[in-house]
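Participant: Dropping a structure here in structure tokens format, bear with me for questions.
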Number of protein chains: 2
Amino acid sequence: MSLIYLDYAAATPLDPRVLARMQPYFSEAFYNPSSPYAPAVAVRRDYEAAKASIAVVIGSRTGELTMTAGATESVNLAFSGGAGHVVATTIEHQAVLAAARQHEHTLVAVDAHGRVDPGAIATAIRPDTWLVSVGLANSEIGTVQPLAKIAAMMKLERTKRREQGNQTPLYLHSDASQGVGQLDVNVARLGVDMLTLNAAKIYGPKQVGLLYASRDVVLQPQIVGGGQEQGRRSGTENVAGVIGMAYAIEHADKARKAEAHRLMQLRDQLQSALTTRFPDAIVSGHAKHRLSGHLHISFPGIDAERLVFALEARGVLVATGSACAANKGTRSHVLEAIGLEPHEADGSLRLSLGKQTDQALIAEAAERIIAVVTLEQERVRR
Amino acid sequence: MSLIYLDYAAATPLDPRVLARMQPYFSEAFYNPSSPYAPAVAVRRDYEAAKASIAVVIGSRTGELTMTAGATESVNLAFSGGAGHVVATTIEHQAVLAAARQHEHTLVAVDAHGRVDPGAIATAIRPDTWLVSVGLANSEIGTVQPLAKIAAMMKLERTKRREQGNQTPLYLHSDASQGVGQLDVNVARLGVDMLTLNAAKIYGPKQVGLLYASRDVVLQPQIVGGGQEQGRRSGTENVAGVIGMAYAIEHADKARKAEAHRLMQLRDQLQSALTTRFPDAIVSGHAKHRLSGHLHISFPGIDAERLVFALEARGVLVATGSACAANKGTRSHVLEAIGLEPHEADGSLRLSLGKQTDQALIAEAAERIIAVVTLEQERVRR
């Protein structure tokens, strides 16, 4: 029986071409980029070139990038850029929520589709608010936020502050770990001052991420020492990892439009098959502003954990809610925020598509999911 | 012309067997260890087993290990275990010095061989001192510190505190990044409460390290979010990296005694060849308590940077001082601390040996170094 992986939002396999780019830096080019001799200087050059090519993709300066060990570290670093009140939404990733809790904070509610109203954020902004953090796309329901509109609203806020003599800076940070590869992550077009990205969701290496911070932002380093990354994050550079990330993001960005289109068609095919068979199923997330490879679907009254194991027995790997460790055994805060009833939330699957997903696999997956859900529904009715 | 790498203290190539162990976790076993289905649960199990095997090597409980992105992060996390006064030595790595600067701190001087006197540390300890941080072996001059004696002294201090009703805890942390693979890193025998280790210096993957912290220590997480590593360090686990580190440290520990002996003989051969030819050369670090693969040698009046480049032209890769980014263009704080005069410090090379170093390479390296230093001495004399 063929294995059908539908959990790309949790993890992606490393693209063999990415690994091929990384491999020389494990062996012959293993040098410390801070060493003075030519082979090490070449490694330093390759590292900086990789950062520069990432900067091109997101439209930033190379010096505005701080390479980290992943999105969680990047988010924590972003929240070190100031002190005072911060604003986020109720459906942010655990990393953002935990970082926000270290400040005075306001969490803004979202609508039933998981979208936040820029006006509601404007209302939450206080004179001492220095940071607004809104994820580009939600990892559970896939809803894409109106970042450019939030950015435009914040620009007005900044103007107001200047007029009022309020010198508190006001930054917009976005964790785009889930959006990259399907959405535009150009920092100017997004309108963000800070952006978190991760290589692990775009077939790149795990434990590699970055924080873009515009030159205006003064980050407070969390990891001090040798002064690498312009003093913002000490520790010997992750040469192989960053070179892998550069290739992964370049490739993801090039393939982005075609891939997003392809995934959306497959996702819609799956969604249609499931909702046709189960008319009472609830599809969450925004109908239009949603990650193309994402399908969050609830079967009210069914236990999603049982579904996950029954599907696994038939070779289909899917998630229930977020794969975050913190969520184990608790109900997803995202599903609560969009107003799903407990019996709906508990019956939710997150199906996320990726590179290896094709029409035949989706047809096969739909068939297996339908069979499993049907059996479970019958079991519950008995 | 064969390349002779004598900078193993800066970086080591990844052991191909380590890479072979890591490779499955890049491709077929790429799953998020927090996902619920069996292949992901297997990844989680492999990750925990890797941690357990590291714990065996250092003689700790698995739950006392926090996996990090490297020694610098580990050191920063160690310094988050309390508030108040800290004590370190003047020759600690930049990461320790920078972390110490974030607390009220006392830096204890070392002798001309780079050794710290446990009595001097005892004198520096105040009633509000909660942390003493002393690196197991110095990365520049290779001096090994009397950690067990420091630990014994601190045990007496703790007894005194208890008698005096002083409830401030007193912990010993050691960064053993440079010692592992040549020295015993059993936490009980070292007598430490916290231990920083790194895979990058033992032919393991870069960007993987750990902090051992005994159950008594309450760490303050620096990176919050999904609650991984028992809440002490959030972010999806570095499965491949930790599995690579486990293999690297197991292997390094098994080979340790034989390898330390082998390296010491080679180092002594090199030291003898150079000091015989250049009687005014100064060998730094303790004669006996020194890393076996380490030779720090100064040629007074010679410019070490010129030496490094001249040696590179002859295929010999060596370091001048520490390879730390922060040291660029400044004189090493370690050499200053052991009392080297500027004209001596500026003529220093750090030659560090490793796995691929053998007798023939050492004989060849000695010849090339002698030729280059001779030329430089003649140039200076003219």
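The values are calculated or read from the model by the stated rules, or taken from the named source; none is laboratory data. Please read all numbers here as calculations on a predicted model, not as lab measurements. Reconstructed Cβ throughout: ideal geometry from the backbone, glycine too, with neighbour counts over all protein chains shown.
Participant: Would you mention how many residues in the stretch B:208-223 are more than 16 Å from B:Lys51 (Cα to Cα) and either surrounded by 24 or more Cβ atoms within 10 Å (Cβ to Cβ) or among the small types (Gly, Ala, Ser) (or both)?
Facilitator: Residues that pass the stated criteria total 1.
Participant: Check B:Ala71 against each of (1) surrounded by fewer than 24 Cβ atoms within 10 Å (Cβ to Cβ); (2) at pLDDT 95 or above; (3) within 14 Å of chain A (Cβ to nearest Cβ) and name the one condition it does not meet.
Facilitator: (1)
Participant: Of all residues in the stretch B:235-273 being of a type in the set (Asp, Glu) and farther than 30 Å from B:Ser298 by Cβ, which is farthest from the other protein chains (Cβ to nearest Cβ)?
Facilitator: Applying the first criterion (of a type in the set (Asp, Glu)) to the stretch B:235-273 yields B:237, B:250, B:253, B:259, B:268.
Next, only the ones that are farther than 30 Å from B:Ser298 by Cβ stay: B:237, B:250, B:253.
Values: B:Glu237: 8, B:Glu250: 19, B:Asp253: 21 Å.
Residue satisfying both the conditions and the ranking: B:Asp253.
Participant: So, restricting to strands (runs of 3 or more DSSP E) that lie completely within the stretch B:160-250, which ones have at least 3 residues that are in contact with a Phe, Trp or Tyr (Cβ under 6 Å, 6 or more places away or on another chain)? Please lay out each step first, then the result.
Facilitator: Details: elements: B:171-175, B:194-198, B:209-213.
It comes to none.
Results for (1) within 14 Å of another protein chain (Cβ to nearest Cβ); (2) surrounded by fewer than 16 Cβ atoms within 10 Å (Cβ to Cβ), shown as yes or no for each residue.
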position: A:His93; (1), (2): yes, no
position: A:Ala98; (1), (2): yes, no
position: A:Ala109; (1), (2): no, yes
position: A:Gly114; (1), (2): no, no
position: A:Thr123; (1), (2): no, yes
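Participant: Conditions: (1) assigned to a loop (DSSP other than H, G, I, E, B); (2) farther than 30 Å from B:Arg189 by Cβ; (3) touching a strand residue (DSSP E or B) at 6+ places or on another chain (Cβ under 9 Å). B:Ala9 meets all but one. Number of the miss?
Facilitator: Condition not satisfied by B:Ala9: (2).
Let's see how each residue does on (1) in contact with a helix residue (DSSP H, G or I) (Cβ under 9 Å, 6 or more places away or on another chain); (2) within 14 Å of chain A (Cβ to nearest Cβ); (3) at pLDDT 95 or above:
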residue: B:Thr275; (1), (2), (3): no, no, yes
residue: B:Val283; (1), (2), (3): yes, no, yes
residue: B:Leu295; (1), (2), (3): yes, no, yes
residue: B:Glu305; (1), (2), (3): no, yes, no
residue: B:Leu311; (1), (2), (3): yes, yes, yes
residue: B:Gly321; (1), (2), (3): yes, yes, no
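Participant: Only one of these is of a type in the set (Ser, Thr, Tyr), out of contact with any Cys (no Cβ under 8 Å at 6 or more places or on another chain) and under 18 Å from A:Ala360 (Cα atoms): A:Ser272, A:Ser284, A:Ser234, A:Ser298. Name it. Before you say what the answer is, go through the steps one by one.
Facilitator: Details: A:Ser284 fails: under 18 Å from A:Ala360 (Cα atoms); A:Ser234 fails: under 18 Å from A:Ala360 (Cα atoms); A:Ser298 fails: under 18 Å from A:Ala360 (Cα atoms).
Going through A:Ser272, A:Ser284, A:Ser234, A:Ser298 in turn, the sole match is A:Ser272.
Participant: Testing A:Val218 on (1) more than 10 Å from chain B (Cβ to nearest Cβ); (2) modelled with pLDDT of 95 or more, one condition comes back false. Which one is that?
Facilitator: In the conditions (1) more than 10 Å from chain B (Cβ to nearest Cβ); (2) modelled with pLDDT of 95 or more, A:Val218 misses (2) alone.
Participant: Does A:Ala88 qualify as being away from every other protein chain (no Cβ under 14 Å), under 17 Å from A:Leu172 (Cα atoms) and out of contact with any Pro (no Cβ under 9 Å at 6 or more places or on another chain)?
Facilitator: On the way: away from every other protein chain (no Cβ under 14 Å): no; under 17 Å from A:Leu172 (Cα atoms): yes; out of contact with any Pro (no Cβ under 9 Å at 6 or more places or on another chain): yes.
Judged against the criteria, A:Ala88 is not a match.
Participant: Scan the stretch B:229-277 residue by residue and report those that are under 25 Å from B:Ala29 (Cβ atoms), surrounded by fewer than 22 Cβ atoms within 10 Å (Cβ to Cβ) and of a type in the set (S, T, N, Q).
Facilitator: Once the filter is applied, which keeps residues that are under 25 Å from B:Ala29 (Cβ atoms), surrounded by fewer than 22 Cβ atoms within 10 Å (Cβ to Cβ) and of a type in the set (S, T, N, Q), the stretch B:229-277 yields only B:Gln230.
Participant: With respect to A:Leu270, is the statement that it is more than 23 Å from A:Gly179 (Cα to Cα) and assigned to a helix (DSSP H, G or I) true?
Facilitator: On the way: more than 23 Å from A:Gly179 (Cα to Cα): no; assigned to a helix (DSSP H, G or I): yes.
Taking the combined requirement at face value, the residue does not satisfy it.
Participant: Taking the stretch B:174-192 only, how many residues are crowded, with 24+ Cβ neighbours inside 10 Å and of a type outside the set (A, V, I, L, M, F, W, C)?
Facilitator: Residues meeting the conditions: 7.
Participant: Pick from B:Ser174, B:Ser139: which is closer than 24 Å to B:Gly339 by Cα, in the same structural domain as B:Ser74 (by TED's automatic domain parsing) and in contact with a His (Cβ under 7 Å, 6 or more places away or on another chain)?
Facilitator: So the residue among B:Ser174, B:Ser139 that is closer than 24 Å to B:Gly339 by Cα, in the same structural domain as B:Ser74 (by TED's automatic domain parsing) and in contact with a His (Cβ under 7 Å, 6 or more places away or on another chain) is B:Ser139.
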